[in-house]
Amino acid sequence: MDRREALQRIEALREEINRHAHLYYVLDTPEIADHEYDALFRELASLEEAFPEFDDPDSPTHRVGGAPLDRFEKVIHESPLLSLDNALSKEEVWSFCDRVFSGLGLGNLEYLCELKIDGLAVSLIYEDGVFIRGATRGDGLVGEDVTANLRTIRSLPLRLREKVSGRMEVRGEVLMTREQFAALNQEREEGGELLFANPRNAAAGSLRQLDSSITASRKLSIFLYYVAHPQEHGLRTQQEVLHWLQHLGFPVQSAWGVCSTRQDIDAFIEEWREKRLSLPYSTDGVVLKINQVDFWEDLGTTAKAPRWAIAFKYPPEEKTSRILDIEVSV
Ligand code: NAD
């Protein structure tokens, strides 16, 4: 491909990706399956790498998520809510491990493997142990204030089991169970309404309702996996973070493991490849995080994702395209 062709393709991909990102993140009505979107995204990223002269700070490869809607109050995040870099194969996971190894110049690292929950990221603020505000990720820098809607999630503690003085930010994933999703879509089909493409879009559409009684009726769930400034709470590893969140009364997804070797990581990925399908909610991969949080700052972030974590993605579940077919035919 010569430079002219590359530029044409890059521009076409940017336009196409921006259109799909808007449909997905802002309108909650995707037209294509996630793996198709990911393929466009990867093609753009590799063209931008091969032709760095055409890189552009406005390219979707430098962005996280979508712009917030106008009608919710905007929330400026205290620190950006980033995305995660993806690994579509184990080789890509091993090259992540190599990058981390050479970035830090040491070898005795531990990885904390968690399941990647297919929901939407939220940031929650607690003041003296009381839930005061929650926001969606939005474009990563500015999200939407969905506090009233988050309060309808039964499993979310409005007051922590143990008081944590001062301000504390935690982050996690809001999701809809498969059962709830099927019931919602059936109800919508009967009412002649457009169907949600997948549980993640249904969760996003439900959390971003102006009428929180609608959100309440959708019976959303949540899992937490992150606390800002863990060292300030005496936490040194992601494992301690998860234990602490649990201790405070937050729902934490229990399928996680500490891995010190590639064999351990491989075993975790394989163990959950099939097993995850019997969970009541969708998961689409395994997130590997460096367990020791002190290294997070050393490794830093790119504009889009932390350098201390990666998401290994399982191949897409076949079901997705069938659900999309139904949506298209409505
Ligand atoms: P992502 O879903 O690939 O991964 C990042 C997110 O994973 C994090 O922001 C967090 O919310 C979540 N996550 C889940 N479990 C986690 C855990 N244990 N620890 C940390 N984070 C965890 O990235 P994204 O930026 O949220 O969204 C991109 C996805 O959206 C892609 O899969 C893409 O296919 C899809 N998408 C699809 C379309 C479409 O048209 N079909 C358009 C845009 C985006």
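Put simply, of Y281, Y226, Y314 the only residue that is within 16 Å of the chain's Cα centre (by Cα), crowded, with 21+ Cβ neighbours inside 10 Å, assigned by TED's automatic domain parsing to the domain that holds R167 and within 12 Å of the ligand (Cβ to nearest atom) is Y281. For the range 141-165, a tally of residues being crowded, with 19+ Cβ neighbours inside 10 Å and within 28 Å of V26 (Cβ to Cβ) returns 8. Please enumerate the residues belonging to the range 220-246 that are closer than 24 Å to P199 by Cβ and not hydroxyl-bearing (S, T, Y). Matches in the range 220-246: L220, I222, F223, L224, L242, L245, Q246.
Condition check ((1) within 15 Å of the ligand (Cβ to nearest atom); (2) closer than 29 Å to Y314 by Cβ; (3) assigned to a loop (DSSP other than H, G, I, E, B)) across all residues:
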{"position": "F101", "(1), (2), (3)": "no, yes, no"}
{"position": "I153", "(1), (2), (3)": "no, yes, yes"}
{"position": "R161", "(1), (2), (3)": "no, no, yes"}
{"position": "A183", "(1), (2), (3)": "no, yes, no"}
{"position": "E193", "(1), (2), (3)": "no, no, yes"}
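Beta carbons closer than 7 Å, at least 6 apart along the sequence or on distinct chains, pair a first residue in the range 60-82 that is within 12 Å of the ligand (Cβ to nearest atom) with a second that is of a type in the set (D, E) and part of a loop (DSSP other than H, G, I, E, B) for R63/D139; V64/D139; G65/D139; G66/D139.
Among E43, E53, E49, which is outside any loop (DSSP other than H, G, I, E, B), modelled with pLDDT of 90 or more and within 28 Å of E297 (Cα to Cα)?
E49
Just name the residue that is farthest from E169 (Cα to Cα) out of those in the range 53-100 that are among the aromatic types (F, W, Y) and surrounded by fewer than 17 Cβ atoms within 10 Å (Cβ to Cβ). Show your work before the answer.
Narrowing the range 53-100 to residues among the aromatic types (F, W, Y): 54, 72, 94, 96.
Narrowing the set further to residues that are surrounded by fewer than 17 Cβ atoms within 10 Å (Cβ to Cβ) leaves 54, 94.
Details: F54: 38, W94: 31 Å.
Looking at the filtered set, the residue picked out is F54.
If you go through the range 18-34 and keep only what is within 7 Å of the ligand (Cβ to nearest atom) and part of a helix (DSSP H, G or I), you end up with H20, A21, L23, Y24, Y25, D34.
Based on what the data block shows, is T136 of a type in the set (S, T, Y) and within 16 Å of the ligand (Cβ to nearest atom)? Spelling it out, T136 is indeed of a type in the set (S, T, Y) and within 16 Å of the ligand (Cβ to nearest atom). Does E114 satisfy being closer than 21 Å to Q263 by Cβ, within 13 Å of the ligand (Cβ to nearest atom) and in contact with a strand residue (DSSP E or B) (Cβ under 9 Å, 6 or more places away or on another chain)? In short, yes. Of the set (1) farther than 22 Å from K313 by Cβ; (2) assigned to a helix (DSSP H, G or I), all apply to I265 but (1). From the list V258, V286, the one residue that fits, being assigned to a strand (DSSP E or B) and surrounded by fewer than 20 Cβ atoms within 10 Å (Cβ to Cβ), is V258. Residues of the range 35-49 being under 18 Å from the mean Cα position of the chain (by Cα) and more than 10 Å from the ligand (Cβ to nearest atom), which ones? Result: R42, single match.
From the list Q253, Q238, Q246, Q231, which one is under 27 Å from P306 (Cα atoms) and surrounded by 21 or more Cβ atoms within 10 Å (Cβ to Cβ)? When all the criteria are applied, what remains is Q238. For the condition within 13 Å of the ligand (Cβ to nearest atom), out of contact with any Pro (no Cβ under 7 Å at 6 or more places or on another chain) and not assigned by TED's automatic domain parsing to the domain that holds A228, D55 does not qualify.
The values are calculated or read from the model by the stated rules, or taken from the named source; none is laboratory data. Please read these numbers as outputs of a predicted model, since none were measured by experiment. Note that each Cβ is placed from the backbone with ideal geometry, even for glycine, and that neighbours are counted across all protein chains shown.
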